[in-house]
Amino acid sequence: MIAAPLLAILLFGAQDLVAEAKALLEASKPAEAAGYLDRALKLFGHTQAAAYPLYLRAKVYSGDNQTQKAAAALEESVALDPLLAEAWSDLGVARKLLRNDGGALAAFQRAVRLDADDAVAQYRLGAEYLRQDKPAAAVGPLEEAYRVNPEDQSTLNSLQIALRRSGKNEEAEKIKAQLAEVLRKRDQFSQDALKAVRINNEGAALQKTGDLRAALAKYREAVGLYPAHIGIRVNYAIALLRLGQWTEGLNELHDALNRDPANANTKAVLDDALAQAPRNLLPDWAVKR
């Protein structure tokens, strides 16, 4: 029998392995994540603590098209922790792929009962009702998914179909119009993003020739078109700093880092800029650091 202090140390180490695996999955490195998860599962054994890593392990199996293994991992996950809503939702997907329609529907229903604000689970339930030719039943969960995420294209499309097939044509037309607007905005965003990258590259070319003021104007225009692009925002900030506009440049770098706190390059540029900036030109947030 393992002594309590040693067991606590082992379980703490297992949690670290799960955290590392989750980060690798988010970084699209499932093969590396699998090794960490397998080690964690050995430490957890058949306990409730193993439920979440089993749920993550199932994601790796699903990515490798190993649906049977994914389903088995998820069945074990929900058996160990019946309150793990996301595992029930993914189990519904696995059961559907294995042609277990009744089991899929039951799993999706369980997921939304546990977490009504999970837009993905609500969408999956509504879409499954629709697939099983139950449009009236599909409307409710699809409306819940729409409530949580009103601009999701898949939700809007399924909802307008469910409404139309339920005889609610007027409501369906409203959702159809909203879907068209969402698609229009996405198309505009794509165009703006492409244009912003092109203008940013023009700014970089001007900067190489030494025309920093013209480059700054290009970077400013690019940021206006694509404010979420960290690289463009950093280029704009650096140009401001090199032109002696310390306060604005530091604020832009600070904003870029707030948008992507894990970006080591942005943090390094900001730290270097703060070390060089005149004290009287530091923004309030920098003075208080």
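The values are calculated or read from the model by the stated rules, or taken from the named source; none is laboratory data. Predicted model only: the values in this text are computed from it and were never measured. Neighbour counts are summed over all protein chains in view; Cβ atoms, including those assigned to glycine, are modelled from backbone coordinates with ideal geometry.
Only residues that are closer than 20 Å to residue 278 by Cβ and acidic (Asp, Glu) were counted in segment 231-263, giving 2. Once segment 211-250 is narrowed to residues that are within 15 Å of residue 283 (Cα to Cα) and either in contact with a helix residue (DSSP H, G or I) (Cβ under 8 Å, 6 or more places away or on another chain) or not assigned by TED's automatic domain parsing to the domain that holds residue 275 (or both), the residue that is surrounded by the most Cβ atoms within 10 Å (Cβ to Cβ) is 237. Out of curiosity, is residue 102 at pLDDT 95 or above, in the same structural domain as residue 75 (by TED's automatic domain parsing) and more than 23 Å from residue 180 (Cα to Cα)? Yes: the conditions hold for residue 102.
The residue list 126, 35, 45 contains one member that is at pLDDT below 95 and within 25 Å of the chain's Cα centre (by Cα), which is 35. For segment 66-83, a tally of residues being closer than 15 Å to residue 97 by Cα and surrounded by fewer than 19 Cβ atoms within 10 Å (Cβ to Cβ) returns 6. Restricting 148, 139 to those that are in contact with a helix residue (DSSP H, G or I) (Cβ under 6 Å, 6 or more places away or on another chain) and either surrounded by fewer than 18 Cβ atoms within 10 Å (Cβ to Cβ) or not assigned by TED's automatic domain parsing to the domain that holds residue 176 (or both) reduces the list to 148.
Of the listed requirements (1) modelled with pLDDT under 95; (2) aliphatic (A, V, I, L, M); (3) closer than 22 Å to residue 119 by Cα, residue 71 misses just one: (1).
For the structure I just gave you, tell me whether residue 86 is of a type in the set (Asp, Glu) and either closer than 27 Å to residue 262 by Cα or touching a Phe, Trp or Tyr at 6+ places or on another chain (Cβ under 9 Å) (or both). Yes, satisfied.
Scanning segment 102-117 for residues that are over 12 Å from residue 92 (Cβ atoms) and not hydrophobic (A, V, I, L, M, F, W, C) turns up 113, 115, 117.
Looking at this structure, is residue 183 within 30 Å of residue 237 (Cβ to Cβ), of a type in the set (A, V, I, L, M) and out of contact with any Asp or Glu (no Cβ under 9 Å at 6 or more places or on another chain)? For residue 183, the condition - within 30 Å of residue 237 (Cβ to Cβ), of a type in the set (A, V, I, L, M) and out of contact with any Asp or Glu (no Cβ under 9 Å at 6 or more places or on another chain) - is not met. Only residues that are surrounded by 24 or more Cβ atoms within 10 Å (Cβ to Cβ) and over 16 Å from residue 82 (Cα atoms) were counted across segment 92-123, and they come to 3. Restricting attention to segment 60-81, which residues are touching a Lys or Arg at 6+ places or on another chain (Cβ under 8 Å) and either of a type outside the set (A, V, I, L, M) or more than 22 Å from residue 44 (Cβ to Cβ) (or both)? Listed by number, the list holds a single entry, 61.
Of the helices (runs of 4 or more DSSP H) lying entirely inside segment 174-289, those containing at least 2 residues that are β-branched (Val, Ile, Thr) and modelled with pLDDT of 95 or more are 230-242. Given the criteria within 24 Å of residue 148 (Cα to Cα), among the hydrophobic types (A, V, I, L, M, F, W, C) and at pLDDT 95 or above, does residue 78 qualify? Judged against the criteria, residue 78 is not a match.
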